[in-house]
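First the structure, in the form of structure tokens, and then the observations on it.
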Amino acid sequence: KGTFGGPDEGRMLDAMGERDAEHLVAALIQRPIERLVSSPATRCIQTLGPLAEAIDLPIELWDGLGPDADSSNLVECFTKPSFSRAVLCTHGEVMSPLLRTAAFRSLLRNTGLDDRRLLAKGTAWRLHLTPKGKLFGFKHVVPLTPPPPERSGRRVSN
């Protein structure tokens, strides 16, 4: 972030970010998804790109998820049925105020997760909400890295 020479919204994913985006597909595709909504920042669009391709959905851009957005925009999504099966891609700066809410703090007490791990780049949250948008559970989703290729323990000689 500190070495990028242009506007932050134009900053792209690095190689690790691209791998994380590819691996998030396996973790997210198992749930029904009807919408993909992204911050207009290039790296967020790139993060959702592999998932969009895998499920053949367009990525909707929303300034309300941008790096300078107010987190209340995100909270507002929780009460709208049109977001019930949506994957949102935003920034730690937008997500971090959620971690300070009483509902989230209560859920975090017994998880062993801290703010730093929850806001780690390339991870996701699956939020469980009541029909009125009240948070009652969540799962921290970490990109699924494919297992290393199997090695047969046999030596091949020429």
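The values are calculated or read from the model by the stated rules, or taken from the named source; none is laboratory data. This is a predicted model, so every value here is computed, not measured. Please note: Cβ atoms are built from the backbone with ideal geometry, for glycine as well, and neighbour counts cover all protein chains shown. When the accessible area is computed, the model is the full protein with side chains, heavy atoms only, and any ligands, DNA or RNA have been set aside. Shrake-Rupley method; radii C 1.70, N 1.55, O 1.52, S 1.80 Å.
Could you tell me the distance between the Cα centroids of region 100-125 and region 53-72, to the nearest Å?
When both Cα centres are located, 21 Å separates them.
For a protection proxy built on the mean count of beta-carbon atoms within 10 angstrom, sort 65-72, 134-141, 20-27 highest first, please.
The peptides rank, most packed first, as 20-27, 65-72, 134-141.
Considering the zone a paramagnetic label at residue 61 would reach in this model (a point 7 Å from Cα along the Cα-to-Cβ line), which residues of region 15-50 have amide N under 19 Å from it?
35-50
How big is region 53-143 by the Kirkwood estimate over distinct Cα pairs, in Å?
After inverting the pairwise mean of 1/r, the radius is 14.1 Å.
Suppose R0 equals 22 Å. What FRET efficiency, 1/(1 + (r/R0)^6) with r the Cβ-Cβ distance, do residue 9 and residue 100 give to the nearest 0.05?
Working from the Cβ atoms, E equals 0.30.
Calculate, for region 78-144, the solvent-accessible area per residue in square angstrom, rolling a 1.4 angstrom probe over the heavy atoms of the protein chains.
Dividing the accessible area of region 78-144 by its residue count gives 63 Å².
Hey, got the Cα dimensions of region 1-102 along the principal axes, in Å, largest first?
That works out to 40, 33, 23 Å along the principal axes.
How far apart, in nm, are the 7 Å Cα→Cβ label points at residue 117 and residue 84?
Label at residue 117, label at residue 84, 3.2 nm between them.
Give me the base-10 log of I(q)/I(0) for region 77-117 at each q in 0.16, 0.17, 0.27 Å⁻¹, Debye formula, one uniform scatterer per Cα, rounded to two decimals.
Taking Cα atoms of region 77-117 as identical point scatterers yields -0.53, -0.60, -1.04.
Rounded to whole Hz and in sequence order, give me ³J(HN,Hα) for region 50-64 from the Karplus expression 6.51 cos²θ - 1.76 cosθ + 1.60, θ = phi - 60°, writing x for Gly and Pro.
Taking θ as phi minus 60°, the curve returns x, 5, 4, 5, 5, 10, 6, 10, x, 9, 8, 9, 9, 4, x Hz for region 50-64.
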